[in-house]
Amino acid sequence: MIETYAIATLINSMAPSYCFEQAITIGASVALVEYCVTDLTTMQQWLNPRMRCQPLEDHWSTQVGARSRFSLQLPGWQPGLISTVVERSPNAIVWQFDGFFKGQDRWQWWARGEDTELINRFEFAIPNALVEFGFNYLASGWAKADMIAQLHRLKKLAEARAQSSKYE
């Protein structure tokens, strides 16, 4: 089951800030969930199929300071965000984004019995008023639904891998 929270608050009187948070329980180990969240090849299997993630350095890394580019593949336009890992521990990773959104995407996981609880929290501001207008009136609902769909794909992928490893 996914728990979803969407919150809009004001950072100051001029810049709205948004926060989308989801939680899901996954029938897989903490180590396997961490692998699925942080391995680039595996990420491409649960990210939105129109989303691309490419390292800006020679290789993919999830260590603090590692940078990558997330881009949305739309016909004629590929808006992108530059992300930097700003926090990393065995049970969490936080990417800070800069581009048409500015904010952080936190992924945190921990054991709950034999399962893993996973929370994804995306907090952001939209510095461009035109982009913000478009987001609020055209893309906000899609973005929330897409984040939930990503968690479902990640859960399905991790649980399938957990099941297959039990029989090897």
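Rule-based calculations on the coordinates, nothing more; no lab input. This one's a predicted model, so the numbers in the text were calculated from it and none came from an experiment. Neighbour counts run over all protein chains shown; Cβ positions are idealised from the backbone, glycine included.
For Q73, nonlocal amide neighbours, meaning residues 5 or more places apart or on other chains whose placed amide H falls under 5 Å from its own, are M51, R52. Using C-alpha pairs below 8 Å separated by at least 6 residues, the relative contact order for the range 2-166 is 26 percent. The GNM of the chain, with springs linking C-alpha atoms under 10 angstrom apart, assigns the highest mean-square fluctuation among G80, G141, G27 to G141. Close amide H contacts of A28 (hydrogens built in the peptide plane, cut-off under 5 Å, sequence separation of 5 or more or a different chain): T116. Which of the GluC sites (Glu not before Pro) found in the range 32-106 are loop residues per DSSP with 13 or fewer other Cβ atoms within 10 Å of their Cβ? Those that pass, being in a loop and sparsely packed, are E57.
Near W107, within a Cβ-to-Cβ distance under 12 Å, what is the net charge of the other residues, with Lys and Arg +1 and Asp and Glu -1?
Net of charged neighbours comes to -2.
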